[in-house]
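Single-structure report; data block below.
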Amino acid sequence: MTNFTRRDLGKTLGAAAILAGGGIGTAEAKGHAEETTLSPQSFPKGFQWGCATASYQVEGAATEDGRGATNWDVFSHTPGKVANGDTGDVACDSYHRYAEDHDLLKNLGVGMYRMSIAWSRIFPEGRGTPNQKGVDHYKRVVDDLLAKGITPYVTMFHWDYPAALPGGWQNRDTALAFADYAGYMAGQLGDRVKHFMTTNEIRCFTDLSHMQGIHAPGLKLPPAGVNQVRHHGVLAHGLAVQAIRAKAAAGAQVGLAENPNFIVPAIETPEDIEAAKRATYDQNAMFLGAVMTGKYDEHYLATCGADAPKVQPGDMAAIGSPLDFVALNIYTPGYAKADPSAPRGYKLLPHPSSAPHMASPWLFVGPEVLYWGVRQVAELYKPKAIFISENGCSSDDKLVGGEVNDTDRVMYLRNYLTHLHRATAEGLPVKGYFLWSLMDNFEWADGYGKRFGIHYVDFATQKRTPKLSALWYKELIRRNALV
């Protein structure tokens, strides 16, 4: 999977033997070392590189131009819900500074940008009469991207829904309202946008928001309620696929951005590989599994028992609507090994207390997950194409002398992308990669305390400063190869 040949190996071994015996001087040794340098690991011709953001995390302008209040406005203004009392009221002010942010993209050399639309800018009450100022804003945003040679990938829902919707995701009608909104915007942008993602991370806006209660609206429902919210989430996706196809221009590509729980084999043996794949299948049966198969797995339903979601006629056909691509948000792995004595044939392994992680405590470092995530989805569901819609990390970035030397993020990205390269080298159908994130932003319940961007944002002045990781990513894109 590299350009390392037997001849290179011979050179390396020969040079090592000479150096060990002290048979050459420093200059000659340096010459041998240069001869043995590995060639860059190139990605396929036409592989696409991009960055990602989300509306509530970057836009600000929370009360401007007719935007309605969102669930995250309510949540972030509730004392104790978000670190330091932070809100998305201003965020990165990208509502006003989008052209400046697009210049950052252009400078990097990316060919695509994943953005999301704020539902409440289009339908302040969730449905009803469209807000033309909101529609016109996103047309201007898209036009500016296209003028700068950047292809927009538009996510219809990235966690911020209109607070006026009664019951939120507990209410089945919210899925219907979402489909109406998604179809409407596909019709408005379809002459400009050719790539749509319906929802972002169904597990997060269902489980984190309605079971763990750490995201808006901050509920802790019993199992039956959680499972019903999950069903409404995948139903919203499926209905939106149908609505987008009905309203967008011919040839539009439709997918979703999911964050499956990926389980990596503890050891690359046939037994552990199969065990990890089965574990990944089980972990995601209620989300990506339902979307890709159009049904709920029997084992999942048996596990739910009397708490299984209530499904109406036609729901599963909508949920299983065919997709043009699957996009994956991949950060951290779980691990499994084969265990013939276990009911499902595997044992999940906990993260040791010493496991490495980035600034966010949940972000365990396991770069091999970028390979196994792509491979498992390809093998389990056989999608037409795969994108990495998010990958990146938080870091304790400090601006010193006008620079942010985030060597830890460069390490993280280099290692993860090495495993993405393995996926492309093996012919797996991964077509592009969106780095999370273009810039530091409002990081949900962590507020502004966790920085994920490759551009440092001074939130007092809104000045953007490229970090070392931005320079590294720019060079990777230029070469289309690991650096």
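List every residue pair whose Cβ atoms sit under 8 Å apart, with the two residues 6 or more apart in sequence or on different chains, where the first one lies in the range 169-185 and is open to solvent by less than 10 Å² (accessible area, probe 1.4 Å) and the second, anywhere, is among the hydroxyl-bearing types (Ser, Thr, Tyr).
Pairs that qualify, where the first residue is open to solvent by less than 10 Å² (accessible area, probe 1.4 Å) and the partner is among the hydroxyl-bearing types (Ser, Thr, Tyr), are TRP169/TYR161; TRP169/THR206; TRP169/SER209; THR174/TYR161; PHE178/TYR161; ALA182/THR198; MET185/TYR138.
Here is a list: ARG422, ARG344. Which entry is surrounded by 16 or more Cβ atoms within 10 Å (Cβ to Cβ) and over 26 Å from THR155 (Cβ atoms)? Explain how you work it out, then say what you get.
Numbers: ARG344 fails: surrounded by 16 or more Cβ atoms within 10 Å (Cβ to Cβ).
Every option except ARG422 fails the conditions.
What are the pairs, 6+ residues apart or on separate chains, where a residue within the range 352-363 that is more than 15 Å from ASN391 (Cα to Cα) and without any contact (Cβ under 8 Å) to a residue 12 or more places away in the chain has its Cβ under 9 Å from a residue that is open to solvent by 30 Å² or more (accessible area, probe 1.4 Å) and assigned to a loop (DSSP other than H, G, I, E, B)?
From the range 352-363, the pairs are ALA355/VAL365; PRO356/VAL365.
Look at LEU420 and say whether it is closer than 21 Å to ARG114 by Cα, touching a helix residue (DSSP H, G or I) at 6+ places or on another chain (Cβ under 7 Å), touching a residue at least 12 places away in the same chain (Cβ under 8 Å) and part of a helix (DSSP H, G or I).
Numbers: closer than 21 Å to ARG114 by Cα: yes; touching a helix residue (DSSP H, G or I) at 6+ places or on another chain (Cβ under 7 Å): yes; touching a residue at least 12 places away in the same chain (Cβ under 8 Å): yes; part of a helix (DSSP H, G or I): yes.
Answer is yes for this residue.
Need the failing condition index for LYS463 against (1) open to solvent by 10 Å² or more (accessible area, probe 1.4 Å); (2) basic (Lys, Arg); (3) in contact (Cβ under 8 Å) with a residue 60 or more places away in the chain, just the number.
(3)
Provide a single number: the residues in the range 279-330 that are in a strand (DSSP E or B) and of a type in the set (Gly, Ala, Ser). Spell out the reasoning first.
Here is the first cut: in the range 279-330, the ones in a strand (DSSP E or B) are 326-329.
Right, trim to of a type in the set (Gly, Ala, Ser) and you get 327.
Final tally of qualifying residues: 1.
Assess whether LEU428 counts as being without any contact (Cβ under 8 Å) to a residue 60 or more places away in the chain, in contact with a helix residue (DSSP H, G or I) (Cβ under 6 Å, 6 or more places away or on another chain) and crowded, with 24+ Cβ neighbours inside 10 Å. First the steps, then the outcome.
Values: without any contact (Cβ under 8 Å) to a residue 60 or more places away in the chain: yes; in contact with a helix residue (DSSP H, G or I) (Cβ under 6 Å, 6 or more places away or on another chain): yes; crowded, with 24+ Cβ neighbours inside 10 Å: no.
It is false that LEU428 is without any contact (Cβ under 8 Å) to a residue 60 or more places away in the chain, in contact with a helix residue (DSSP H, G or I) (Cβ under 6 Å, 6 or more places away or on another chain) and crowded, with 24+ Cβ neighbours inside 10 Å.
Look through the range 446-460, keep the residues that are over 18 Å from the mean Cα position of the chain (by Cα) and open to solvent by 10 Å² or more (accessible area, probe 1.4 Å), and return whichever of them is farthest from SER76 (Cα to Cα).
Among those that are over 18 Å from the mean Cα position of the chain (by Cα) and open to solvent by 10 Å² or more (accessible area, probe 1.4 Å), it is TYR456.
Would you please name the residue that is farthest from ARG67 (Cα to Cα), looking only at residues in the range 107-135 that are in contact with a Gly (Cβ under 7 Å, 6 or more places away or on another chain) and charged (D, E, K, R)?
ARG114
Give me the residue from the range 347-366 that is open to solvent by less than 50 Å² (accessible area, probe 1.4 Å) and aliphatic (A, V, I, L, M) and, out of that set, farthest from LEU428 (Cα to Cα). Write out each step before concluding.
Going residue by residue through the range 347-366, those that are open to solvent by less than 50 Å² (accessible area, probe 1.4 Å) are 355, 358-360, 363-366.
If we keep only those that are aliphatic (A, V, I, L, M) too, we end up with 355, 358-359, 363, 365.
On the way: ALA355: 29, MET358: 28, ALA359: 31, LEU363: 25, VAL365: 23 Å.
The residue in question is ALA359.
When the residues of the range 423-445 are narrowed to those that are part of a loop (DSSP other than H, G, I, E, B) and of a type in the set (Gly, Ala, Ser), which ends up nearest to the chain's Cα centre (by Cα)?
SER437
Of all residues in the range 367-394, count the ones that are surrounded by fewer than 23 Cβ atoms within 10 Å (Cβ to Cβ) and among the small types (Gly, Ala, Ser).
Final tally of qualifying residues: 2.
The values are calculated or read from the model by the stated rules, or taken from the named source; none is laboratory data. Remember, it's a predicted structure, so these values are computed and weren't measured experimentally. When we count neighbours, we look across all protein chains shown, and the Cβ atoms used for this are built from the backbone with ideal geometry, even at glycine. Each accessible area value is taken on the protein alone, full model and side chains, heavy atoms only, with ligands, DNA and RNA left out. Shrake-Rupley method; radii C 1.70, N 1.55, O 1.52, S 1.80 Å.
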